[in-house]
Structure formats: structure tokens, C-alpha cells
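This report concerns only the one structure given below.
We did not get these values from a lab; they are worked out from the coordinates using the rules stated. Just so you know, these numbers come straight off a predicted model, no measurement behind them. Glycine also receives a Cβ, built like all others from the backbone with ideal geometry; neighbour counts cover every protein chain displayed.
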């Protein structure tokens, strides 16, 4: 170019239209800052996909959103408005069409690259969150499995203890009954004169009265379907029910002179008339370990030892 000649002005995106409009004689004068770079510098450059500060500038979002919402053509309509503004109010297209195309392509590439980076970052965050969730769930599952195993072991041990205690109680009750029957037969023979008087006198002084058994450590005894203990003021009856029975499945009835313990819709496990009256309002029942129904009676006569809970059951010797 001749000395002193000036390259045609070009309005690049980085120097885009810092313009002011002023009225002069009713006409619009446009004051522009232009890119004075030589023409050689306008050759297409390698595509730069790095983010720029303007990409996250949200100052104009509300205004541009308002413009977008008024366009029937959607995104295409918005782009037509933006490029129409550049065409009408700037020399963006008229100075150098090739460079204008490069500028648009470069801006589009930067935005697409940013979308890709944001998507990758979001995917990485999701993967990290998923890994943390999986680790947390694995820890919770491991803890739950350990707790379940501990409960199962405890339940198995408890069942073993209950079965052993029940077997021992049944064996003891059977032995007591056999002993009582033997003693009853012996006394019958003595009454018939078949035993010598010396043998009768040599009988154990601690043996229970005829037809009765010795009390347990809790001043009670065992009967079909239940065991029991007592103090002078209360009687506690323990009835074994199927393991895991919920309280809502039980039908327990307590009256002044009777007791019934059953599973709903089934025959009673324990049922009968009480040997002594109880105070109903002060008597109650509970479910222990979903295995034992524990009935607690308050005696009416709190100065009397009971010999049995239900009429007709084996009696203990209270003397």
C-alpha cells in the first residue's frame, strides 16, 4: 500500500462497536473504535477454543432472554436479530466478509468447546458422586449384614436356651409326676397294710404332702403350657408362644377368676379358672422377646401362698 495509506477498518469481536450515538442536525453520527491491524494480520488463524471472560458475563442475560422470548423463530430468530444488528449498525460484514465468517466460527467453536468441558466436568462429578454413593451403600450393607448375622446368632442361642430350659422343665415335671404317682401308690399300699410301719416312719420328712410337689426356687411350679412363680402379693405366669409372635396376634384375657392365653383364631394355649381371685385392674400382661407371654397377677389375698395357678393343675406343697 502507498505510504500513509490506511487499511480498511474492520470491527472485530474483541473491539466490537464501542460506539456512541449523538444527534447532529437531525442525523445520526456513529463514533467507532476500529481495528487498525494490517491486512496481512487478518489471515485466518488457528482456531482458539479457550474461554474468554465475556463467555460468563451474565449482565445482559435478562435483556437477551427478553429478546429471545419475543422471537417466533426461536434460536434462528434470535440469531437473525443479532446478525441483523451487526449488519445495520456496524461494518462487521461490509469490511471483510471472510474475517467476519472466521470471527463467527471462532466464537461458535469456543462455545462448543466450553459445552464439552462443562459436560465432561458434570460427568466426572456424577461419577464421583456415584462412587461415593456406592461406597456409602456398600458400607451400610456390610453393617446391616453384620447386625443381621449378630441377631441371627443371638436368636439361635436364645432358641437353644429356650429349648433346653423347656426340655429340662418337661423332664423335671415328668419326674415329679412319676415320683408323685409312686408315692401315691406307696401310700395306698401302706393304707392297705402292705407296708411295714417302720418303713412308713422312715419316709423323708422333707417330702411334699401327698398329691403335691415341691415348689420351685421362685415359690411356684410348672404346668402344661406354662411356668409360674409367686411372692405374697403377686403371681407371674410365663406362657411359651411361637417365636416371632407379634403382640397384635395374641388374645390374652384376664378376669377376677379366670385366665386365657391364645393366638387369635386358635385354641387357647392356657385356659382355666384361677385357684384364687386376682385384682384385675392391677394385673397385666406383656410379650417378652416375641416368645414368652408374661402375665402378672396382683393377689386379692396378699397373705396367702398359692398352691397352683389354675384349678386342676399340679399343686405345690406350701407347708
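Observations, loosely collected:
- Residue 182 paired with residue 282, simple spin-label distance in nm, labels 7 Å along Cα-to-beta-carbon: 4.2
- Ordering of 219-226, 95-102, 67-74 by packing [mean C-beta count within 10 Å, highest first]: 219-226, 95-102, 67-74
- The simple spin-label model puts a point 7 Å past each Cα toward its Cβ; for residue 224 and residue 108 those points are separated by 9.6 nm.
- Using equal-weight Cα scatterers in the Debye expression, the normalised intensity of the range 212-316 in log10 at q = 0.23 Å⁻¹ is -1.31.
- Between the range 245-288 and the range 130-145, the Cα center-to-center distance that results, in Å: 46
- Full extension of the chain between residue 85 and residue 63 gives 6.4 nm of extra length, using 0.36 nm per residue less the Cα-Cα distance.
- Computed extension length for residue 129-residue 260: 41.4 nm, one decimal, from 0.36 nm per residue of separation with the Cα-Cα distance subtracted.
- Restricting the calculation to Cα atoms, the range 52-174 shows an Rg/Rh of 1.61 when the hydrodynamic-style radius is the Kirkwood one.
- Value of relative contact order over the range 230-313, rounded to a whole percent, pairs C-alpha under 8 Å and six or more apart: 37
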